[in-house]
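The values are calculated or read from the model by the stated rules, or taken from the named source; none is laboratory data. Quantities reported herein were computed from a predicted structural model and do not represent experimental measurements. Counting neighbours? That spans all protein chains shown, and the Cβs are built from the backbone with ideal geometry, glycine included. Just the protein is used for accessible areas: all its heavy atoms, side chains included, with ligands, DNA and RNA removed. Shrake-Rupley method; radii C 1.70, N 1.55, O 1.52, S 1.80 Å.
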Amino acid sequence: MVLVPWTVPRETTVHDRNHARSHDRDHDHRRLGRELALFDTDPLMGAGLPYWLPDGAVVRHTLEEYVREAERRAGYRHVYSPVLGKRELYEISGHWEHYRDDMFPPMELGAEEVVLRPSLCPHHALVYRSRARSYRELPLRIAELGAMYRSEPSGVLGGLSRVRAIHLNDAHIFCTPDQAAAEARAALGLIRRAHADLGIRAARHRLSLPGPGGKYVADPELWRRATALLEEALDGLPYEAVEGEAAFYGPKIDVQIEDAAGRESTLSTVQIDFHQPERFGLRYLGPDGARHRPVMVHRSVIGSVERAVAHLIEAHGGAFPAWLAPVQLVVLPVAGAQREAAYALVRQATDLGLRAEVADPERGSLGARVRAARKVPYQAVIGVREAQDGDLVDVRLRDGRRPGQLSGTELLHRITDRVEARGPELWPSD
């Protein structure tokens, strides 16, 4: 394997550092999340346990539905599994031995000990082995957007990026060894498409390998086979191989992102696992009539919803892509006489599936209302002239452009087209 050297950062000047700090403040998801009423925390709920406010819940729900639909089109079947599991389950999977320090303590339920799950993969292994499987069913792609819990130290908690209750976009592909590299490559393609729709740019791909002194499964042959399959999946993509970043059960491909201050973190992953299929005794009936061991490909398109939304807030400065914005259109009647026309347009927009609201004159001057709606992709102003002409509105875009007057019907169709396209442009180029 070729170890690509790390890029050495250029020397930064005082101007660079001051600019980075300013940009970091402007895009800090903790500040923006509260300013835009997306999420908040309360000491009575506990550290690292944020709650979602209505606008944040819209962003989260839209993101979850997008991922579920993308997975459905890619041949995934969705399941639900419980957030609790017996301690024995995680002893079999290896989490108890290798990952115990990051798990919450067991709870006693009668004669049993149960644990808040730190991962979904043991549950999906049980889903797979719930009945006999044939090679004709493979690859079997099981997906879930499920909760899991990690006992993060209080000193590292912050906003949505480091939390104790995590909602993970997770999936596990059970396949033959011959299918594993292609499935991993297809997962990387799914990640790339999602990142493009979300306006996310990957900083780099990292092949994460075991390092000295870590808690890893001791089976060099399984590590060698898994690493070779991931290298095959990465063929043609630039990547860096880094020791010490692997999961305890196998190597992984980490899709690395950077925040506004240049800090790097992992958003999406693809992993190949020979360990858990062996521990859970997973089998499939092959074409030769014999029983064979499947490979388990772990895959997450957007990682945790919390971290994904934190990054999206910072990447877009709170001005989400139109399809993801909590409010896509705000209608501003100049005076009370235009309120009826404004509410009629919002009802029409809602019927088309758009998220729209009226900013009533009672909220302040037109200028103040325009400024308050500065993160909304589309604004439609209805004044005396527009109301007299019937269906007309004066269109303003979030980026400062003013396409001028359009009929309300034409505006809604244009917005719908842009939302469905999920493109970065708010308005088609002339």
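Quick look at the values:
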| read-out | value |
| --- | --- |
| Dipole moment magnitude, nearest 20 debye, the stretch 15-316 about Cα centre, only Lys, Arg, Asp, Glu C-beta charged | 620 debye |
| Asp178 accessible area, 1.4 Å probe, all protein chains in place, Å² to nearest 10 | 150 Å² |
| The stretch 114-190 pair-distance distribution - Cα-Cα, 10 Å bins, rounded % | 16, 37, 29, 15, 3 |
| Solvent exposure ordering (accessible area, 1.4 Å, most first) of Arg418, Arg192 | Arg192, Arg418 |
| Compactness of the stretch 308-353 as Cα Rg over 2.2 N^0.38 Å, two decimals | 1.52 |
| Extension gain (nm, one decimal) between Ala182 and Gln388, 0.36 nm per residue minus Cα-Cα | 68.1 nm |
| Top of Leu229, Leu53, Leu352 by mean-square fluctuation, Gaussian network on the chain, Cα under 10 Å | Leu352 |
| Relative contact order (percent, whole number), the chain, Cα cutoff 8 Å, 6+ residue spacing | 15 percent |
| With Cα atoms, 0 to 90° folded angle of helix 14-27 axis to the chain main axis | 80 degrees |
| Against the rule of thumb 2.2 N^0.38 Å, how large the Cα Rg of the stretch 15-316 comes out | 1.02 |
| Shape category assigned to the stretch 287-430 from the gyration tensor of Cα positions, a/c cut at 1.5 | prolate |
| For the stretch 207-265: rounded, prolate or oblate by the Cα gyration tensor [a/c cutoff 1.5] | oblate |
| Residue with peak Gaussian network fluctuation, the chain [Cα springs, cutoff 10 Å], from Gly286, Gly236, Gly211 | Gly236 |
| Stokes-Einstein translational diffusion, the stretch 358-430 - Kirkwood Rh over all Cα pairs, 0.692 mPa s, 37 °C, in µm²/s | 251 µm²/s |
| Degrees, to the nearest 10: 54-73 long Cα axis against longest axis of the chain | 50 degrees |
| Asp254, Asp399, reordered so the largest accessible area comes first (probe 1.4 Å) | Asp399, Asp254 |
| Assigned charges on the beta-carbon of Lys, Arg, Asp, Glu; the stretch 204-356 dipole about Cα centre (debye) | 480 debye |
| Cα Rg over Rh - the stretch 166-313, Kirkwood | 0.99 |
| Most fluctuating residue given options Ala356, Ala111, Ala187, as computed from a GNM of the chain linking Cα atoms under 10 Å | Ala111 |
| Cβ-derived FRET efficiency at R0 35 Å, Ala337 paired with Arg401, nearest 0.05 | 0.80 |
